[in-house]
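The values are calculated or read from the model by the stated rules, or taken from the named source; none is laboratory data. None of the values given here were measured: they were computed from a predicted structure. Here Cβ is always computed from backbone atoms with ideal geometry, including for glycine, and neighbour counts include all displayed protein chains. For the accessible areas, the whole protein counts, side chains as well, though only heavy atoms, and no ligand, DNA or RNA atoms are used. Shrake-Rupley method; radii C 1.70, N 1.55, O 1.52, S 1.80 Å.
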Amino acid sequence: MATGRGRLLQLYWRGLQALRLPPGGVGAATGPDGEAAGPAGFRERRSGGGEGPDAEGRGAGGCRRAPRGCSALLHGKGPGARSASRAVLNQCARRGKHCEQRPKDRLVSLERMPPEILLKIFSYLDAVTLLCAGCVNRRFYHLANDNFIWFRIYTTAFSPKRCNWKVNSAEKTAVSMKSLSVEDKEAGYWKKEFITKQRASVKAVLAQVLQPVNPDTGLPVKTKEALSFSFSRISGLCWVIILKAKNGQEYVMEHTDVSVHDSSVTILWYGKNWPQLAMLAALDLCGVTPVFMDRSKAPSKNGPRWHSLIAKYNLSKLTESTMIGWDSLIRIFCLHPGLLVGLWKREEELAFVMANLHFHHLVEKSTLGSATVPYELPPHTPLLDDHPEYGLHGYQLHVDMHSGGIFYLCGTFRNLFTKKGSIENGYVKLVVIRFKNNTEHLPLIGKFGLSWRTDVFDGCIKSCSIMDVTLLDEYGKPFWCFSSPVCMRSSGPSDGPNFLGQTYCVDYVDSEGKVHVELVWIKETEEYFIVSLVLYLRTAKINQWFGTAY
């Protein structure tokens, strides 16, 4: 019996704590501080004073006090009153637990803040953080385009800085006139101006790096340095491929490895998270650089970055394009210009992607284009040909054949010429190595093959390699440049009297010309010899370059 009353009193006290009622009910006497006196004259300790929600008839968490009927049931006697009091106590305890939770309409978040408060917060952000904030949602995007904020950033970054001289009145007047016209500009105007000015500073830095030209190659002397500079703390240049699915979804992959050669760069992508080939429609190759260059710290990959489109490729009919080689694990396909796609033989899914880019205008193409429009080459002024009746003369060719850091051929040929009569089917024939002149024949060094690798496997595909061609005109200007995968195919027995071995050929074709190479396999020395090398240049390209009418 005593145990039962003790249990009942315990439930009763818990209910009172939840309700914050005086132990004697609603009409119970209170102490000198306005608090209800409990049993044996003790007062219940309250967390707050007599003011606030509790003083207006609400308990903890904003719950209203129990009605008088609840107090009457708690102090009633008999079994019925006890059972009823237990039910009321349980109900009141549940109400107290729910009242401890904060209502949803009282939650504080950035999205619920007035625009004036958000603009004040945004005004303390730097340019990079402000651009990132504009990517959160539509409301943040419009607020982050505020002209007053971006005008302050613009003037802070590009205002005249003088240590020992004061800003003259004309400069002060110009700044004040700009500030007066801030409201007249459309939203985001000063943001665009700031980004444009930043891109102009990037162009100025690149112009200084690419200004000296090597007279032997016709390419900037510091191209390798520029690419190394790009991977440094200042530029942060990298290359990405954007795989575009047929349903509009895009998959962006950053390069895994880069190899810089004498006149080209090879970029490799591989991994385990390739999308299914059947889903893909196109591939975009882009150069990526941070929008803002900060020489004091390394560029962040999470900050705003500028995409420069280099080339577009169609993947919807990849398997129907030219397959140039295979081994026991993969097959490789070539897409012009210079893209190599490897597919697993068994699954017919992507294994790797390799891009081969020539140095000619590579830095400009990787940095100065846009996400949708490639970099436009500067307009060419036709060079006057003093003696068009003599044909082409004084040309210079540099050709490399390599793979995996191994060079099978590295040769330079000077004083190349052709007569005006060597025009056939819209091409001008430029002979580099003659079939009948044994002294001009060159060997390929090493085992000819194209190296590939993924994160799991690697290998080498025989009879394939990367070919780099740089053709300079008589003035030492790059006339035709490319870097592309090529393959060696059998062409039957040789007709020459001095060759008894199997003959092979390597061919390349694009919109500006063709390359045809003939090789002979010498069994005794187990090496390939180049016995013929001929370039075919389109007459339309020559006429556009020199203003002639061949």
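How much area per residue is accessible in the stretch 387-440 when the probe is 1.4 Å and only protein heavy atoms are counted (Å²)? Don't skip to the end; give the middle numbers.
Working: 3040 Å² over 54 residues.
Accessible area per residue: 56 Å².
For the pairs Lys197/Lys477; Lys192/Lys244; Lys345/Lys523; Lys420/Lys514; Lys222/Lys365, flag any whose C-alpha to C-alpha distance is greater than 21 Å. Numbers along the way, then the final one.
Numbers: Lys197/Lys477 31 Å; Lys192/Lys244 28 Å; Lys345/Lys523 32 Å; Lys420/Lys514 18 Å; Lys222/Lys365 16 Å.
In this structure, Lys197/Lys477; Lys192/Lys244; Lys345/Lys523 exceed 21 Å between Cα atoms.
If I take R0 = 51 Å and measure r between the Cβ atoms of His336 and Lys185 in this structure, what FRET efficiency does the formula 1/(1 + (r/R0)^6) give, to the nearest 0.05?
Numbers: r = 45 Å, r/R0 = 0.87.
According to the calculation, E is roughly 0.70.
Which values, in whole Å and largest first, are the semi-axes of the equivalent ellipsoid of the stretch 427-482 obtained as the square root of 5 times each eigenvalue of the Cα gyration tensor? Display every interim value, and only then the final one.
Values: eigenvalues 194, 72, 16 Å².
Square roots of five times the eigenvalues give 31, 19, 9 Å.
What is the extension gain from Lys541 to Val136, computed as 0.36 nm multiplied by their sequence separation minus the C-alpha to C-alpha distance, in nm to one decimal?
Numbers: separation 405, 0.36 × 405 = 145.80 nm, distance 4.90 nm.
Here the segment from Lys541 to Val136 would lengthen by 140.9 nm.
What span do the alpha-carbon atoms of the stretch 440-541 cover on each of the three principal axes, reported in whole Å from largest to smallest?
48, 42, 21
Rounded to the nearest percent, how much of the accessible area of the stretch 451-550 (1.4 Å probe, protein heavy atoms only) is carbon and sulfur? Display every interim value, and only then the final one.
On the way: 2300 of 4580 Å².
The nonpolar share, carbon plus sulfur, comes to 50 percent.
Rounded to the nearest 0.05, what FRET efficiency is calculated for Leu383 and Met323 with R0 set to 45 Å and r the Cβ-Cβ distance?
Numbers: r = 40 Å, r/R0 = 0.89.
E between Leu383 and Met323, to the nearest 0.05, is 0.65.
Computed over the Cα atoms of the stretch 407-454, what is the convex hull's projected area averaged over all directions, in nm²?
Details: hull surface 25.1 nm².
Its average projected convex-hull area is 6.3 nm².
Using 0.36 nm times the number of residues separating Thr439 and Asn415, minus their current alpha carbon distance, what extension gain do you get? Walk me through the intermediate numbers first.
Values: separation 24, 0.36 × 24 = 8.64 nm, distance 1.66 nm.
Residue separation times 0.36 nm, minus the Cα-Cα distance, leaves 7.0 nm.
With a cut-off of at most 11 other beta carbons within 10 Å, and DSSP calling the residue loop, which GluC sites (Glu not before Pro) in the stretch 460-550 qualify? Please list them. Don't skip to the answer; put the middle values down first.
On the way: sites: Glu474, Glu512, Glu518, Glu524, Glu526, Glu527; in loops: Glu474, Glu512, Glu524, Glu526.
When the GluC sites (Glu not before Pro) of the stretch 460-550 are filtered for loop state and at most 11 Cβ neighbours within 10 Å, Glu524, Glu526 remain.
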